[in-house]
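The values are calculated or read from the model by the stated rules, or taken from the named source; none is laboratory data. Since the structure is predicted, the reported quantities are computational estimates derived from the model, not experimental observations. Don't worry about glycine lacking a Cβ; one is built from the backbone with ideal geometry, like all the others, and counts go over all protein chains shown.
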Amino acid sequence: MACAGKCAKVLLIIFNVIFWLLGAGALAAGVLVMTLRQKLTGWLDRLSPTAGDIAESADEGLVRAGAITLCVVGAIIIIIAFLGCCGAVCESKPMLAIYSLIVFLLLAAEIAGAVVAYLMRDKVEAYVQKFVNQTIAEKYVGLYFPNGAGQLVEQIDELSDGVDFAQIGFQCCGLMGPNDFSYASKWNKDVSYTDGAKVVHNVTAVVPITCCKLRKAPQFEQITKITVDDFVDLKDCLMTGSEASTNRKGCYNEIKGFLMDNIWIIFGIGIGIAFVELFGLVCACCLLFAKSDDDNKA
């Protein structure tokens with residue numbers, strides 16, 4: 001076998017051993033999560049103690065789905081790495097051919113998916129806008145203060161909570177602006193809260209609480225720990241929706257801007273994954289051609 005073939009063999013073995021270890025790690029993590037899912041569900045429930053039985057069921061389903069995903073992905077990686085590694089060690093042309101075909105199909109599917117996503121980006125944006133508008137109109141309930149005080153409490157609808165988390169995290173309001181909530185059929189506009197002076201306020205809100213400006217933007221895990229005193233002017237925000245106390249920018253443009261600012265990171269990760277797959281494919285093909293040449297000379 002020529003020097004190039006020997007180098008390809010060594011590189012392919014090293015590459016797939018690392019690949020196999022990653023797959024085994026993912027599979028082991030999935031099995032571990034499945035084994036400890038009750039403890040993990042309890043931990044998630046402690047993060048959101050007010051959500052009730054429906055949230056507990058959702059948390060358990062989320063943990064189970066994540067564990068199954070890890071197991072499936074890990075098993076697929078192990079099988080692919082096994083074909084590549086054994087094909088290189090045994091110099092098996094069938095194994096190398098199957099390995100090359102699988103890696104090529106994965107690479108082609110990723111490229112095709114990226115191209116389709118780019119070409120259909122306008123349709124994807126239109127679908128996302130329609131979905132979020134429908135969520136606000138039909139499912140949005142909104143966070144609230146229990147008994148008018150304390151910390152904000154989540155609802156049991158994940159989509160409704162998702163809107164609130166986005167509004168606080170990106171300091172925005174609605175999809176395109178506060179007017180989107182004029183169509184929210186389930187949103188309870190009657191808000192009761194107690195301020196720092198222990199004065200009780202009962203107002204009919206023109207915007208959700210999570211559209212109101214905060215003195216300091218919280219971290220994601222602190223969103224449900226927000227109190228009345230954390231807002232710039234909660235009364236003015238709820239009653240007038242003025243720009244001084246209300247985030248009036250739409251979340252769609254804010255989130256889109258965030259993604260565009262970080263597009264090169266996403267692009268770099270995608271290119272890195274594609275490069276790794278291409279490297280494995282080239283090594284496998286080099287070894288396959290070298291083995292074929294040896295067989296022809298023999």
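Mind checking which helices (runs of 4 or more DSSP H) fall wholly inside segment 227-298 and carry at least 3 residues that are of a type in the set (A, V, I, L, M, F, W, C) and within 30 Å of Phe145 (Cα to Cα)?
On the way: elements: 234-240, 251-261, 263-297.
By residue number, 234-240, 251-261.
Taking interchain pairs and intrachain pairs at least six residues apart, which have beta carbon atoms under 8 angstrom, with the first residue in segment 202-229 and at positive phi and surrounded by fewer than 20 Cβ atoms within 10 Å (Cβ to Cβ) and the second modelled with pLDDT of 90 or more and assigned to a loop (DSSP other than H, G, I, E, B)?
none
Which condition number in (1) more than 24 Å from Glu125 (Cβ to Cβ); (2) at pLDDT 85 or above; (3) out of contact with any Asp or Glu (no Cβ under 6 Å at 6 or more places or on another chain) is the one that Leu214 fails?
Among (1) more than 24 Å from Glu125 (Cβ to Cβ); (2) at pLDDT 85 or above; (3) out of contact with any Asp or Glu (no Cβ under 6 Å at 6 or more places or on another chain), the lone unmet condition for Leu214 is (3).
Results for (1) among the charged types (D, E, K, R); (2) in the same structural domain as Cys90 (by TED's automatic domain parsing), shown as yes or no for each residue.
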position	(1), (2)
Asp233	yes, no
Asp236	yes, no
Met239	no, no
Ser242	no, no
Lys249	yes, no
Glu277	yes, yes
Val282	no, yes
Cys285	no, yes
Ala290	no, yes
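Is it true that Thr69 is modelled with pLDDT under 75 and surrounded by fewer than 17 Cβ atoms within 10 Å (Cβ to Cβ)?
no
Do you know which of the residues in segment 159-201 that are over 21 Å from Lys235 (Cβ atoms) and surrounded by fewer than 16 Cβ atoms within 10 Å (Cβ to Cβ) is nearest to the chain's Cα centre (by Cα)?
Gly162
Right, Lys225: over 28 Å from Lys139 (Cβ atoms), modelled with pLDDT under 85 and of a type in the set (Lys, Arg) or not?
No; evaluated as a whole, the condition is false for this residue.
Exactly one condition in (1) in contact (Cβ under 8 Å) with a residue 60 or more places away in the chain; (2) of a type in the set (A, V, I, L, M); (3) under 29 Å from Leu143 (Cα atoms) is false for Val232; which is it?
Here Val232 meets the rest and fails (1).
Of all residues in segment 278-298, which are more than 17 Å from Ile14 (Cα to Cα) and either at pLDDT 75 or above or of a type in the set (Val, Ile, Thr) (or both)?
Here is the first cut: in segment 278-298, the ones more than 17 Å from Ile14 (Cα to Cα) are 289-298.
Within segment 278-298, Phe289, Ala290, Lys291, Ser292 qualify.
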